[in-house]
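What follows draws every value from the coordinates through simple rules; no lab data is involved. Keep in mind that what you see is a predicted model, and the values were worked out from it rather than measured. Here Cβ is always computed from backbone atoms with ideal geometry, including for glycine, and neighbour counts include all displayed protein chains.
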């Protein structure tokens with residue numbers, strides 16, 4: 001029956017026979033369900049009932065091969081069952097819908113098919129069907145700028161483009177455009193800094209430009225003008241400025257200071273301590289009180305021959321003679337080196353110690369020469385030369401001149417002692433010699449138209465016992481020593497007679513002619529001194545002019561006699577009124593020894609003392625007061641005799657040998673009248 005019309009079974013039923021009854025048995029085919037009642041088998045597609053038993057998310061269909069229901073998970077679902085049991089699970093919950101782990105599983109809104117979209121931060125590197133999600137940063141740097149670093153947002157994992165060190169985003173957060181930071185606002189370095197990159201990290205490195213200093217930090221560079229920061233590291237004594245071309249700091253020592261370092265390392269020291277501030281060795285270095293600039297001031301004894309700016313110090317004595325008078329020598333004080341002006345030889349300072357004014361000495365007080373001298377200068381040394389005027393001669397010494405009238409005045413002749421004749425010299429200052437006139441009787445000493453003197457010489461010893469003095473004129477004056485009247489001329493004559501010591505000493509002065517006669521009486525004999533002008537001498541006769549006596553000589557005296565004579569002559573020398581002719585001293589000594597040896601009377605030595613004193617006064621015979629001069633000579637003679645007589649007698653009293661070979665003995669000094 002099953003072969004005919006399928007045994008009357010539903011076309012979707014399988015016809016078979018019951019094993020026992022062989023009755024047709026209709027059994028719905030696989031995939032169909034019997035929806036009939038009782039014996040009526042109505043096979044309805046199983047998919048139409050409860051989705052054919054398939055999962056709600058499955059599509060029920062008939063499998064022609066197996067003639068059974070086929071459950072096929074709908075798009076977007078995956079069979080997670082086993083065997084024939086189809087369990088449809090949301091595909092996105094099963095292995096992420098088969099998508100890449102870094103993809104997000106979703107469904108197509110129309111087909112509900114699984115769609116894979118790479119998660120934020122990932123990029124599909126395959127196809128729309130096969131999504132392969134890779135880290136976006138590994139693909140074209142996540143779309144970031146080539147100078148950016150690709151990373152992910154910690155919350156969303158979205159790609160974050162961050163400009164690398166040394167680069168700055170000039171785009172936006174969404175569209176990062178990285179440019180070299182140094183090209184964008186100078187990398188944030190500030191206008192006075194140079195922007196560059198660190199070699200290792202490429203990070204921006206801000207370096208202050210030349211002439212600027214970082215007052216911030218390494219991270220936050222703040223560039224200020226270096227000159228405003230610690231004076232640009234210049235020395236405290238330096239001024240900070242900038243090079244016009246490079247703006248580099250230039251350290252320039254302030255006025256009054258000098259760079260003792262180098263151009264790179266300026267060390268400012270007080271200029272005065274460095275090469276004396278350039279002042280030179282002969283200048284003192286100091287500073288201007290206002291500007292502190294170096295002031296070069298020439299040291300004491302030096303003069304600036306340069307300028308106020310360039311001081312050149314030269315020895316002041318080489319510049320205008322140090323400001324000294326043209327007639328002064330410029331030298332330096334040994335202690336202070338100050339200029340010392342000293343008048344040259346032949347000049348005298350008429351100014352002061354500070355301002356020396358040198359005048360020719362000859363124009364001042366006759367150069368110190370005596371009144372009757374002419375002042376001149378030595379041709380070689382310019383020293384003052386004093387020379388007696390015409391008509392005058394030096395009766396003093398070279399160092400102590402005494403210009404007396406020309407030798408026409410007062411040649412001297414003396415006739416003293418035994419007697420010893422010292423005739424007139426042939427000229428003023430001429431050498432005089434003593435002669436021993438051992439003859440008795442009257443002798444003419446001098447005779448001319450104005451005066452005549454004759455003397456009477458007694459026997460041995462040959463002493464002058466009398467004299468006859470005549471001054472011619474109207475009226476005439478005649479003095480004879482034997483007369484009882486005083487031996488002086490009357491006031492009515494041309495002669496002035498002065499009694500120096502009553503009964504022992506007189507001087508007679510002719511009022512119109514240069515004639516002086518001085519007579520000393522010592523005991524019973526006389527000593528006579530005659531002074532005449534040389535003109536009058538030449539017109540005179542007598543022993544004083546033409547002698548006939550032999551030259552003085554002496555025999556061997558008693559030993560004490562020369563000693564006694566030296567006592568008398570030394571006493572006269574100590575009281576001398578001026579220079580003594582050395583020849584006169586020799587003559588006085590010779591005559592003293594001879595007289596004392598022949599007369600054996602120590603008193604006779606007074607003649608030598610008197611001779612020396614009169615010679616010392618000879619240079620002053622032209623004085624205005626000749627009377628006073630002879631009075632002074634007499635006073636000095638008196639003082640000498642009083643002193644030396646005592647010493648001479650004392651010496652003789654202590655001497656045993658006072659007698660000669662004839663046993664004639666030397667007498668003491670006595671019978672002296674003043």
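Annotations
- Taking other C-beta atoms within 10 Å as the exposure proxy, 415, 472 rank 472, 415 from fewest upward.
- Under conditions of 20 °C and 1.002 mPa s, region 322-389 yields 169 µm² s⁻¹ as its translational diffusion coefficient, taking Rh as the Kirkwood radius over Cα pairs in the Stokes-Einstein equation.
- Helix 582-599 and the longest principal axis of the C-alpha atoms of the chain enclose an angle of approximately 40°.
- Likely footprinting exposure, 644, 612, fewest C-beta neighbours within 10 Å first: 644, 612
- With 10 Å bins beginning at zero, the pair-distance distribution over Cα atoms of region 128-213 amounts to 18, 35, 26, 13, 6, 2, 0 %.
- The structure shown yields log10 I(q)/I(0) by the Debye sum over Cα atoms at q = 0.06, 0.09 Å⁻¹, and of the options (i) -0.71, -0.95; (ii) -0.42, -0.83; (iii) -0.60, -0.94 that calculated value carries the label (i).
- From helices alone, the chain scores -4000 deg cm²/dmol at 222 nm; the rule is -39500 (n - 2.57) for each run of n ≥ 4 DSSP H residues, then divide by the residue total.
- Neighbour-count ranking [beta-carbon atoms within 10 angstrom, fewest first] of 399, 598, 246: 399, 246, 598
- Restricted to Cα atoms, region 5-93 shows a radius of gyration and a Dmax of 16.0, 55 angstrom.
- For the chain, the relative contact order is 5 percent, taking Cα pairs closer than 8 Å that sit 6 or more residues apart in sequence and dividing their mean separation by the residue count.
- Relative contact order for region 403-653, counting Cα pairs under 8 Å that sit 6 or more residues apart, in percent: 20 percent
- C-alpha long axis of helix 606-617 to longest principal axis of the chain, angle in °: 50 degrees
- Mean Cα-pair separation over length for region 5-93, i.e. relative contact order, pairs under 8 Å, 6 or more apart, %: 18 percent
- Axis angle, to the nearest 10 degrees, between helix 626-653 and the longest C-alpha principal axis of the chain: 90 degrees.
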